[in-house]
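Undergrad: Quick one: structure below, then a few questions.
The values are calculated or read from the model by the stated rules, or taken from the named source; none is laboratory data. As the structure is a prediction and not an experimental result, all values here were calculated from the model. Here the Cβ positions follow ideal geometry from the backbone for every residue, glycine too, while neighbour counts run over all protein chains shown. For accessibility, only protein heavy atoms count, side chains too; no ligands or nucleic acids. Shrake-Rupley method; radii C 1.70, N 1.55, O 1.52, S 1.80 Å.
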Amino acid sequence: METETCVQTSALNLYYSDFQALRSVSLAIPRKHITALIGPSGCGKSSFLKVLNRMTDLIDHCRVEGQVLLADEDIYAAAVDPIMLRKRVGMVFQKPNPFPMSIYDNIAYGPRLHGQKGKHQLDEIVEKSLAAAALWEETKDRLKKSALSLSGGQQQRLSIARALAVEPELLLMDEPTSALDPISTGKIEELVFELKRSYTIIIVTHNMQQAVRISDMTGFFLLGELVEFANTNNMFTAPQDKRTEDYITGRFG
């Protein structure tokens with residue numbers, strides 16, 4: 001059975017002033033799969049994520065060329081509202097970034113921003129989102145406590161729950177476990193694996209074992225170029241490009 005595409009880029013170029021961060025990147029991300037992006041620091045992985053939810057709009061002297069389709073819609077078309085796009089494309093950053101407010105208000109923030117005011121509906125969204133992020137049982141009796149009182153691993157799961165609260169189609173994760181201990185990392189990996197039942201996930205990681213453990217597809221970036229994009233098992237056992245092989249065997253990077 002052919003897999004449906006969630007997001008597709010064609011001849012995507014990204015410039016920060018005169019510096020070209022992405023070079024003619026064309027790929028199709030399958031729906032309800034986990035796609036890992038690997039490559040050395042500064043190779044364009046995080047920049048690629050920023051293009052997908054138009055965080056590039058917030059960066060001075062940043063220019064995007066080419067096409068990005070989300071469910072066949074050009075996200076850079078003039079009629080597209082970037083705020084509504086970011087509802088469809090959630091983002092989880094490298095460091096947990098809870099807002100300095102209660103656990104409940106962190107999760108309710110997005111739905112309120114998009115017009116949801118009813119307490120009963122918000123209560124349901126908060127519980128559903130925290131449960132989806134495997135955090136409900138740990139927080140249900142302290143929802144009014146500050147989110148900053150949570151541990152680092154819990155704060156990262158809260159950040160995931162906050163992204164899920166507005167029901168995105170695509171979830172972007174930029175090295176979500178790099179600041180966490182091994183136990184918290186394991187919990188996030190288990191969570192990500194569960195979430196792919198409902199969401200399309202793209203995860204940037206420097207941990208190649210993590211890419212092997214949790215992803216279905218892997219893209220290898222180098223100097224702004226997408227060198228190879230393939231089924232994860234195939235890439236790590238029989239890479240097609242010598243540069244990919246050199247990177248995953250530790251010869252450089």
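Undergrad: Within segment 31-47, identify whether any single residue is out of contact with any Ser or Thr (no Cβ under 8 Å at 6 or more places or on another chain) and more than 19 Å from Gly224 (Cβ to Cβ), and answer yes or no.
TA: The answer is no, given that none of the residues of segment 31-47 is out of contact with any Ser or Thr (no Cβ under 8 Å at 6 or more places or on another chain) and more than 19 Å from Gly224 (Cβ to Cβ).
Undergrad: Go through segment 106-122 residue by residue and tally those that are under 17 Å from Pro168 (Cα atoms) and either assigned to a helix (DSSP H, G or I) or touching a Cys at 6+ places or on another chain (Cβ under 6 Å) (or both).
TA: We begin by selecting, within segment 106-122, every residue under 17 Å from Pro168 (Cα atoms); these are 106-116, 122.
Add one more test, that the residue is either assigned to a helix (DSSP H, G or I) or touching a Cys at 6+ places or on another chain (Cβ under 6 Å) (or both), and what stays is 106-113, 122.
Count: 9.
Undergrad: Every residue in segment 215-232 that is over 14 Å from the mean Cα position of the chain (by Cα) and part of a loop (DSSP other than H, G, I, E, B), please.
TA: If the condition is that a residue be over 14 Å from the mean Cα position of the chain (by Cα) and part of a loop (DSSP other than H, G, I, E, B), then Asp216, Leu223, Gly224 are the ones that fit.
Undergrad: Something else now. Out of (1) within 23 Å of Tyr16 (Cβ to Cβ); (2) modelled with pLDDT of 95 or more; (3) of a type in the set (S, T, N, Q), the odd one out for Asn97 is which?
TA: (2)
Undergrad: Can you find a residue that is under 19 Å from Glu4 (Cβ atoms) and of a type in the set (Lys, Arg) anywhere in segment 190-197? Working first, answer last.
TA: Restricting attention to segment 190-197, the residues satisfying the condition of being under 19 Å from Glu4 (Cβ atoms) are 195-197.
Still in the list and also of a type in the set (Lys, Arg): 196-197.
Yes - at least one qualifying residue is present in segment 190-197.
Undergrad: Here are Ile125, Ile103: which of them is over 19 Å from Asp174 (Cβ atoms), touching a residue at least 40 places away in the same chain (Cβ under 8 Å) and open to solvent by less than 20 Å² (accessible area, probe 1.4 Å)? Before the answer, list the steps.
TA: Values: Ile125 fails: open to solvent by less than 20 Å² (accessible area, probe 1.4 Å).
The unique qualifying residue is Ile103.
Undergrad: Kindly establish whether Leu180 is within 23 Å of Thr218 (Cα to Cα), of a type in the set (A, V, I, L, M, F, W, C) and in contact with a Phe, Trp or Tyr (Cβ under 7 Å, 6 or more places away or on another chain).
TA: Numbers: within 23 Å of Thr218 (Cα to Cα): yes; of a type in the set (A, V, I, L, M, F, W, C): yes; in contact with a Phe, Trp or Tyr (Cβ under 7 Å, 6 or more places away or on another chain): no.
No; evaluated as a whole, the condition is false for this residue.
Undergrad: Among the numbered criteria (1) within 17 Å of Leu49 (Cβ to Cβ); (2) without any contact (Cβ under 8 Å) to a residue 24 or more places away in the chain; (3) of a type in the set (D, E, K, R), which single criterion is violated by Glu228?
TA: Only one criterion is unmet by Glu228, namely (1).
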